[in-house]
1. When the residues of region 357-377 are narrowed to those that are assigned to a loop (DSSP other than H, G, I, E, B), β-branched (V, I, T) and farther than 21 Å from A304 by Cβ, which ends up least open to solvent (accessible area, probe 1.4 Å)?
2. All but one of (1) outside any helix (DSSP H, G or I); (2) within 18 Å of K221 (Cα to Cα) hold for T324; state the number of the condition that does not hold.
3. Any chance you could count how many residues in region 156-180 are free of Cβ contacts under 8 Å to residues at least 40 places away in the same chain, open to solvent by less than 70 Å² (accessible area, probe 1.4 Å) and of a type in the set (D, E, K, R)?
4. Being touching a Pro at 6+ places or on another chain (Cβ under 9 Å), open to solvent by less than 50 Å² (accessible area, probe 1.4 Å) and of a type outside the set (D, E) is the filter here; which residues of region 31-56 pass it?
5. Any idea which of (1) in a loop (DSSP other than H, G, I, E, B); (2) within 13 Å of the chain's Cα centre (by Cα) is the one K222 doesn't satisfy?
6. What tally of residues in region 181-205 results from selecting those that are among the charged types (D, E, K, R), in a loop (DSSP other than H, G, I, E, B) and open to solvent by less than 40 Å² (accessible area, probe 1.4 Å)?
7. Looking at L286, L260, can you tell me which residue is under 21 Å from the mean Cα position of the chain (by Cα), closer than 24 Å to M109 by Cβ and modelled with pLDDT of 95 or more?
8. Give the residue, chosen from G317, G241, that is within 20 Å of the chain's Cα centre (by Cα) and either assigned to a loop (DSSP other than H, G, I, E, B) or under 28 Å from K103 (Cβ atoms) (or both).
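The values are calculated or read from the model by the stated rules, or taken from the named source; none is laboratory data. Fair warning: this is a prediction, and the values are worked out from it, not measured in the lab. When we count neighbours, we look across all protein chains shown, and the Cβ atoms used for this are built from the backbone with ideal geometry, even at glycine. Surface areas here come from the heavy atoms of the whole protein model, side chains and all, with no ligands, DNA or RNA. Shrake-Rupley method; radii C 1.70, N 1.55, O 1.52, S 1.80 Å.
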Amino acid sequence: MNYEAFFDSQLAELRQAGNYREFTELERYAGRFPYARDHSRNRDILIWCNNDYLGMGQHPAVIEAVAETARKMGVGAGGTRNIAGTNHPLVALERELADLHDKQAALVMTSGYSTNSTVISTIAGRMPNAVIYSDEQNHASMIEGVRFSKARKKIFRHNDLEHLEKLLREDDPGCPKLIAFESVYSMDGDLGDIAGICSLAEKYNALTYLDEVHAVGLYGKKGGGVAQQQGLADRLTVIQGTLGKAFGLAGGYIVGQAKLVDYVRSYAPGLIFTTAMAPPMAAGCLASVRYVKHATAERAQLHANVARLKSLLTEAGIPVMETTASHILPVFVGEAERCKYISRKLLDEYSIFVQHINYPTVPKGTERLRITPTPLHTEAMMQELVGTLSIIFNALKLEVAA
């Protein structure tokens, strides 16, 4: 086989479809968020597609915690959790996360992706005759966890509780069941029906696994997510979150009952056989979680900015997708090359970075620009973004919302 020719043909296929990924090399400025340096063009740009939703990755308290711990403890964990890697900041972080969600215990891993993949497969993989019921719009990491578990899987239509109940009803009442879903779906910006799914789980004796990665820090009294905001956290078996979005650093975690968390800790290959989170990262995460628990002003400003920008986009006829009910504002484009063109034009001519979202991240024909306002985006920035999008959309004669 000509391997190089194979790789070349696969890459050419992506380019032809408009789905070839190109990275933009950026250097964020501490203290000047949401501005960054675009190295390839040697100029400053304004970021509008950032998952550091509160700007905590540049917060002085977080930076100082990372720097101080690095000076005190070095920069590496030294091994897996079992082999010298369970450092004090990591243990303190797990206690803080359990408190954030009012759960008995927490377990931290090195990324949100690995957490989903590892935990879902570990929970269901050892249960005889287990069935996993997975929302059709679940993240790739959750899908991977379902696949790795080798449990039977049933995919229910997105947020369709009637379909979910039909699937639950078809199975043996005595078989283990796990329902996996999300609180905020990151591409459409809509919310999962947490209350409805909890009620079905209770009716059919199923465990629940809720991915809150795009919600932790932003919703709830303490920033514990949508489940906390809706007063439903106590009805959920496992809540999974990330430290790489609203908390501004990197890592993933679960919270839940102590025995379940201990079970995952004891059996999960993705935890047992990988190097632990480094002490400076754990210390930074700890400082961020402690701060965000009380960041009611920042949360309020974020949601106010989201409402303001959504209103401006709507008034300008820019088609914000009707699905959104969260802080994520997807602007519908509907064609891969055109979506990529708009994104590049924004960056090349206006120094505005909004990444285009194409297949396979979203289905073909639903390509969009994913905009995420933060508390640090100003009215002037919002006006500039909307005005620029209006110019581009009008020049392309794109359909706009009525």
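1. Once the filter is applied, the top-ranked residue is V362.
2. Single failed check for T324: (2).
3. 2
4. L46, I47, W48, N50, Y53, L54, G55
5. Looking at each condition in turn, K222 falls short on (2).
6. Qualifying residue count for the region: 2.
7. L286
8. Answer to the selection: G241.
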